[in-house]
Amino acid sequence: AQSVTQPDIHITVSEGASLELRCNYSYGATPYLFWYVQSPGQGLQLLLKYFSGDTLVQGIKGFEAEFKRSQSSFNLRKPSVHWSDAAEYFCAVGLQGGKLIFGQGTELSVKP
Amino acid sequence: DAGVIQSPRHEVTEMGQEVTLRCKPISGHDYLFWYRQTMMRGLELLIYFNNNVPIDDSGMPEDRFSAKMPNASFSTLKIQPSEPRDSAVYFCASRPSGTVQETQYFGPGTRLLVL
């Protein structure tokens, strides 16, 4: 069955430090992968997506993610975190027909 | 573009009452999705529509939940009767037609509390 796992429920980083959020997926075919961000009290906003081609994907707000088929991973990275990045981050896999299967989310806190 | 519009933003009701959540998708989008977010279960897809037709309702928890899309610009999610365990944030999302890599755009959500 298709699934997405985000192993880290909560991560705290210092402002200016680098960030990596982990995402592992289980899907039999070529995956379509997404990262969304949810600020408190808000809906989800797309950060970036991968569906083919270059395995390093650039997104908004300085985020990037790398697709690694051998590891079934799609980790999200940012070289320098800003306080405004504090939010919850969701990885998702897209299925044929348009459904998204989301991971449980990783809550990011940023220390000043 | 106004984005996906949901109403109400907050709803507090008593157990046994009927609750109706509303969604207006982005104009021109052919797909509409209803999700529920809880601490315990995360983000779950309840049902989605394509061109106003329900395609997959396997995520609808039970018969107390129903969803309709009478036209391309309006959808409702109804809970009757409501129960405390229905307390959650309900999101509506829409996306244009095309392949699965099309982006889903989410509304701000309706925070439902059933007492």
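The values are calculated or read from the model by the stated rules, or taken from the named source; none is laboratory data. Bear in mind that the values here come from a model prediction, so they are computed numbers and not experimental data. Please note: Cβ atoms are built from the backbone with ideal geometry, for glycine as well, and neighbour counts cover all protein chains shown. Each accessible area value is taken on the protein alone, full model and side chains, heavy atoms only, with ligands, DNA and RNA left out. Shrake-Rupley method; radii C 1.70, N 1.55, O 1.52, S 1.80 Å.
Which whole-number percent is the relative contact order of chain A (Cα, under 8 Å, 6+ apart)? The value is 37 percent. Counting only other chain Cβ atoms within 10 Å of each residue's Cβ, the peptide A:35-42 averages 2. Using 21 Å as the Cα-Cα cut-off, could you pick out the over-long pairs in A:49/A:99; B:24/B:68; A:49/B:24? Long pairs (Cα-Cα over 21 Å): A:49/B:24. With all protein chains kept in place, the per residue accessible area of chain B amounts to 48 square angstrom at a probe of 1.4 angstrom. Label sites at residue A:64 and residue A:96, each approximated as a point 7 angstrom past Cα along Cα to Cβ, lie 3.3 nm apart.
At a probe radius of 1.4 angstrom, the accessible area of chain A per residue rounds to 47 square angstrom.
Once B binds A, the 1.4 Å probe can no longer reach about 1700 Å² of accessible area, counting both sides.
On the protein assembly as shown, 49 percent of the accessible area sits on carbon and sulfur atoms, based on a 1.4 Å probe. In this rough spin-label picture, where each label sits 7 Å from Cα along the Cβ direction, the residue B:97-residue A:9 distance is 4.4 nm.
Do any residues of segment B:80-113 show a loss of at least 20 square angstrom of accessible area between the isolated chain and the full protein assembly, using a 1.4 Å probe, and if so which? By number: B:91, B:100, B:101, B:103, B:104, B:106, B:108.
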